[in-house]
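J.: Have a look at this one before I ask anything.
The values are calculated or read from the model by the stated rules, or taken from the named source; none is laboratory data. This structure is a prediction, so every number in the text was calculated from the model and none was measured. Reconstructed Cβ throughout: ideal geometry from the backbone, glycine too, with neighbour counts over all protein chains shown.
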Amino acid sequence: MTEPVIKTEKLTKRFGDFIAVNEISFETYPGEIFGFLGANGAGKTTAMRMLCGLSIPTSGKATVAGFDVYRYPEKIKKNIGYMSQKFSLYEDLTVTENIRFYAGIYGLSDRDIKEKSAALINQLGLQNEAKTLVASLPLGWKQKLAFSVAIIHQPKIVFLDEPTGGVDPVTRRQFWDLIYDAADKGVTVFVTTHYMDEAEYCNRISIMVDGRIDAMDTPANLKKQFSANSMDEVFYHLARSAKRSAD
Amino acid sequence: MDAIVLSNIIKTYNKGTVKAVNDVSLSVSKAELFGLIGPDGAGKTSIFRVLTTLLLADSGTATVDGYDVVKDYKAIRGCIGYMPGRFSLYQDLTVEENINFFATLFGTTLQENYELVKDIYIQIEPFKHRRAGQLSGGMKQKLALCCALIHKPTVLFLDEPTTGVDAVSRKEFWEMLKRLKEQGITIMVSTPYMDEATLCDRIALIQEGKILSVDTPEKITEAYPGQLYALKAGATSKLLKDARAYPAIEDVYAFGEYLHMAFKDNKNDSQGLLKYLHGKGHADAEIKEVKPTIEDCFIRLLKQ
Amino acid sequence: MKQLYTFVKKEFYHVFRDRKTLLMLFGVPIAQIILFGFALTNEIKGSKIIVVDYAKDVASQQLITRIGASKYFEVEKSFADHNQIEDAFKQGKIKLAVIIPQNFNDDILHFNKAQVQVIADASDPNTATTLTNYITNIVSDYQSSLTPNQKIPYRIVPQIRMLYNPELKGAPNFVPGVMALVLMLVCTMMTSIAIVREKEMGTMEVLLVSPFKPVFVIISKAIPYLLLSIINLIIILLLSVFVLNLPIKGNIFLLFGASTLFILTSLSIGLIISTVTTSQQSAMMASLMGMMLPTMLLTGFMFPVENMPVPLQVLSNIVPSRWYYIIIKNVMIKGLGFSAIWKETLILTGMTLLLLGLSLRNFKNRLA
């Protein structure tokens, strides 16, 4: 049995009387694509923050990449990758400068930085754009670049917060090709999305409702469980009864 | 008379280097629910801004409710409702204050047009003393919709109203739009979500400033060239790689729990494919014929 | 350590790729050094003064010649009586007057002592003190030159009278200056920020697509700040009267009228700034950097404008606060009426109308 990359036990976060995350327990394994779904306000972002070492839980246990979230949040940050939809790359730096910057921040050696930057640019086919400012790249390319930069230091796990919002269907699939590649190399991919078909691309899914995890299984099993034809129906079934709709 | 008409609209930015809208022509009938479907950067917002008289196109003409967007912009501004891309109401005013402000701006009151917005307003009424900035994403959209409707516009422009909103709230929103349409309001909506396309009367697929196709969702899917198949097996990622390598396949891509694929020259080689896949270790592979969705059509049109 | 270096490198990229910030980083210090270093000086040269000579004798001629020869003064003698001197002071034409009494020479020769009256405009106490010191030195030089071998020295005593501000308090000088600075900065900055905020948040889009005329957007932004500035003004005046003991000598309504005009001028500058900036941050920068420096240096309350090189004097004419400062000083400190300030009022009115016209023309009816 392989060691779980994430292990949580009754993880909870309270803000005063408000329980944002309510005793969630789950595990994820190396090379797994884990979909973290839920309506706005269900507690996804808060949960992710705790797992990234950005916020200390109120109670419960959690380890990420082998480190306890209470005691070693800094070590966790060194061993994970993170990509959010709102920001990932600096618009006024070039492609190469962005790659070098993040590689440097993640602590790669000078030689590694050179090697990996070149490899990344080749893999994405950005040779002609290496010296272009990121601001001039189309959205799809930005997202693909951001993802590759997020895993340039070969972390055990990468957190993706709605990475494909607003991107055209072809680029979305190219993005998922990159996710599959990473997973094949043993990186655990922890992704949230509003696209229900992307839920199908995951190995397992959890759906948060009102701070709790109300369902967690493979897409196929969830559909059986809720007698649904699609993940859309499963989600609708669960989220519809949610009491909480405030962000 | 059509409610909205665009003729050969071209709009560029940055001294002509960025062609946001590239010779777009289309028309929308009265009381039609029209969807502008395309990813970010396709030109949807620019088209909206030209129609709501906020931007001048480089060339081409456009009319809204018969009024020219350049010459009669004042008339247009008095009779349309507009919900721009991000939440653009006053975060530090309450729900009630926002609605009253916009009602007064248009020379009306909430009471006057209450029937029109009742369905939506009822959902946010319990929060009417809460500051708009503290509402959830779904509530904000509902508030913004109320404020856009408060003066009984004849044409409603909604720029990506469901972006970033979860699946359940999105469904609710579209149901509200259908009911509005029944009241005779022409509605033009833009969205990057392909699955919302089927909820419209007619749609335009747009990418990089160009219209790929304009028609009813049914006709667009019917126009899909050839037959589409769905392929399924246990290990999706490996299946994708193997299927791509098979020579008789024109195109194959992931689509939820299936792979969608088309054969070259529409020559059905299902048997050969299955044999090949079994050989590659996909013992449980199955193929079936499926009807294409809007997303499949979009992908096909993009690749042309 | 290496991470720190990587981060620093990135920050340099950001700085050098942002032209506007770069301009401010280097441009402002350079401008300041040049201005402060070369142009602004506390030394006062070439001040216009009046000498009234009742004596018309040898000694008075000698004294007047010395005064005229000094680089500090330009003598305009001619006035015959005191009232005309008062007028000259009121109009701000002169800052100092020297009156030589009858029998000046006789007094020196026969009584070994004489007097000279010196009247200074003390509404700017620093200038007044400096000028009277110059005169005192010249007089005492003259005095020494007369008696190289005398056993009993001659004594020529300047009788100094400080007009408008006998106690030489600093307040009469800087309170009007501060009023100008505060009203200008607050109105300009707050108005421009309020309008640009709508642009930045996206609510401007929704406002434009409505029957509400854009000009009313501007007016509705300006009105709250107009009212708040008047309240600000009242507070400043109350503080200066009751805490700093600086009474308001002139007509209060005139004071408020002129101040309201100046507030409108500042609001129009804020409007113009809002039509050319797109973010609240750049609106604030433009208001602070663009207005603070000229207002502080060229209004005339820190450094007298008359003593700056001609190009700067010309430049100071377009700084509205300069004219407001004169109006305030005349009304509040010198207690004068409208006749003394009509010229400045006209200039301010003209500026306001011009700025308002420009900003209305620039105000974009569309997003681009």
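J.: I'd like the residue in the range C:1-50 that is away from chain A (no Cβ under 14 Å) and aromatic (F, W, Y) and, out of all such residues, is farthest from C:K90 (Cα to Cα).
T.: Per the stated criteria, the residue is C:F26.
J.: Among the residues of the range A:69-78, is any at pLDDT below 90, in a helix (DSSP H, G or I) and within 30 Å of A:L222 (Cβ to Cβ)?
T.: Taking every residue of the range A:69-78 in turn, at least one turns out to be at pLDDT below 90, in a helix (DSSP H, G or I) and within 30 Å of A:L222 (Cβ to Cβ).
J.: In this structure, does B:L205 turn out to be within 11 Å of another protein chain (Cβ to nearest Cβ) and touching a Phe, Trp or Tyr at 6+ places or on another chain (Cβ under 6 Å)?
T.: Values: within 11 Å of another protein chain (Cβ to nearest Cβ): yes; touching a Phe, Trp or Tyr at 6+ places or on another chain (Cβ under 6 Å): yes.
Yes.
J.: Are any residues in the range A:1-41 free of Cβ contacts under 8 Å to residues at least 24 places away in the same chain and among the charged types (D, E, K, R), and if so, which ones?
T.: Of all residues in the range A:1-41, those free of Cβ contacts under 8 Å to residues at least 24 places away in the same chain come to A:1, A:15-18, A:27.
Answer for the range A:1-41, where residues must be free of Cβ contacts under 8 Å to residues at least 24 places away in the same chain and among the charged types (D, E, K, R): A:D17, A:E27.
J.: Could you please find all residues in the range A:107-155 being crowded, with 18+ Cβ neighbours inside 10 Å and touching a Pro at 6+ places or on another chain (Cβ under 8 Å)?
T.: A:G140, A:Q143, A:A146, A:F147
J.: Any idea which residue in the range C:347-368 is farthest from the other protein chains (Cβ to nearest Cβ), counting only those that are closer than 27 Å to B:V69 by Cβ and in a helix (DSSP H, G or I)?
T.: C:S359
Condition check ((1) surrounded by 15 or more Cβ atoms within 10 Å (Cβ to Cβ); (2) among the polar types (S, T, N, Q)) across all residues:
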residue	(1), (2)
C:L288	no, no
C:P294	yes, no
C:L297	yes, no
C:G300	yes, no
C:F303	yes, no
C:N307	yes, yes
C:Y324	yes, no
C:L354	no, no
C:R361	no, no
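J.: Turning to a different aspect of this structure: Report the residue count in the range A:217-246 for those that are in contact (Cβ under 8 Å) with a residue 24 or more places away in the chain, more than 10 Å from chain B (Cβ to nearest Cβ) and crowded, with 19+ Cβ neighbours inside 10 Å.
T.: 1
J.: Quick one: in the range B:104-120, of everything that is under 16 Å from B:K142 (Cβ atoms) and either within 13 Å of chain C (Cβ to nearest Cβ) or in contact with a Cys (Cβ under 8 Å, 6 or more places away or on another chain) (or both), which residue is surrounded by the fewest Cβ atoms within 10 Å (Cβ to Cβ)?
T.: Residue satisfying both the conditions and the ranking: B:I120.
J.: Can you go through C:N173, C:N165 and tell me which one is away from every other protein chain (no Cβ under 14 Å) and outside any helix (DSSP H, G or I)?
T.: So the residue among C:N173, C:N165 that is away from every other protein chain (no Cβ under 14 Å) and outside any helix (DSSP H, G or I) is C:N165.
J.: Of C:K221, C:K213, which residue is basic (K, R) and surrounded by 18 or more Cβ atoms within 10 Å (Cβ to Cβ)?
T.: C:K221
J.: Select from the range B:136-154 the residues that are more than 9 Å from every other protein chain (Cβ to nearest Cβ) and not in a helix (DSSP H, G or I) and list them in ascending order.
T.: Across the range B:136-154, the qualifying residues are B:I150, B:K152, B:P153, B:T154.
J.: Residue check: is A:K144 at pLDDT 85 or above and assigned to a helix (DSSP H, G or I)?
T.: Details: at pLDDT 85 or above: yes; assigned to a helix (DSSP H, G or I): yes.
When the stated conditions are applied, A:K144 passes them.
J.: Within the range B:287-296, take every residue that is out of contact with any Ser or Thr (no Cβ under 6 Å at 6 or more places or on another chain) and either facing chain A (nearest Cβ under 7 Å) or of a type in the set (A, V, I, L, M, F, W, C) (or both) and give me the one that is surrounded by the most Cβ atoms within 10 Å (Cβ to Cβ).
T.: B:I294
J.: Let me ask something additional. If you check B:L205 against the conditions, is it buried (at least 20 other Cβ atoms within 10 Å of the Cβ), under 26 Å from the mean Cα position of the chain (by Cα) and closer than 25 Å to B:A285 by Cα?
T.: Values: buried (at least 20 other Cβ atoms within 10 Å of the Cβ): yes; under 26 Å from the mean Cα position of the chain (by Cα): yes; closer than 25 Å to B:A285 by Cα: no.
In short, no.
J.: Take B:G133 and decide whether it is over 27 Å from B:D65 (Cα atoms), within 13 Å of another protein chain (Cβ to nearest Cβ), of a type in the set (G, A, S) and crowded, with 21+ Cβ neighbours inside 10 Å.
T.: no
J.: Condition first: out of contact with any Lys or Arg (no Cβ under 9 Å at 6 or more places or on another chain) and surrounded by 16 or more Cβ atoms within 10 Å (Cβ to Cβ). Now tell me which residues in the range A:1-28 satisfy that.
T.: Matches in the range A:1-28: A:P4, A:I6, A:T12.
J.: Among the residues of the range B:15-49, how many are facing another protein chain (nearest Cβ under 10 Å) and free of Cβ contacts under 8 Å to residues at least 60 places away in the same chain?
T.: Adding up the residues that qualify gives 3.
J.: Just checking, how many residues over the range B:241-260 are within 13 Å of another protein chain (Cβ to nearest Cβ), in a strand (DSSP E or B) and of a type outside the set (V, I, T)?
T.: 7
J.: Here is a list: B:A283, B:A262, B:A243, B:A248. Which entry is modelled with pLDDT under 85 and either in contact with a helix residue (DSSP H, G or I) (Cβ under 8 Å, 6 or more places away or on another chain) or of a type in the set (G, A, S) (or both)?
T.: Unique residue meeting the criteria: B:A283.
J.: Before we move on, is B:K238 closer than 27 Å to A:G165 by Cα and assigned to a helix (DSSP H, G or I)?
T.: yes
J.: Please verify whether A:T188 is in contact with a Ser or Thr (Cβ under 7 Å, 6 or more places away or on another chain) and more than 13 Å from A:G38 (Cβ to Cβ), treating the condition exactly as stated.
T.: Spelling it out, A:T188 is indeed in contact with a Ser or Thr (Cβ under 7 Å, 6 or more places away or on another chain) and more than 13 Å from A:G38 (Cβ to Cβ).
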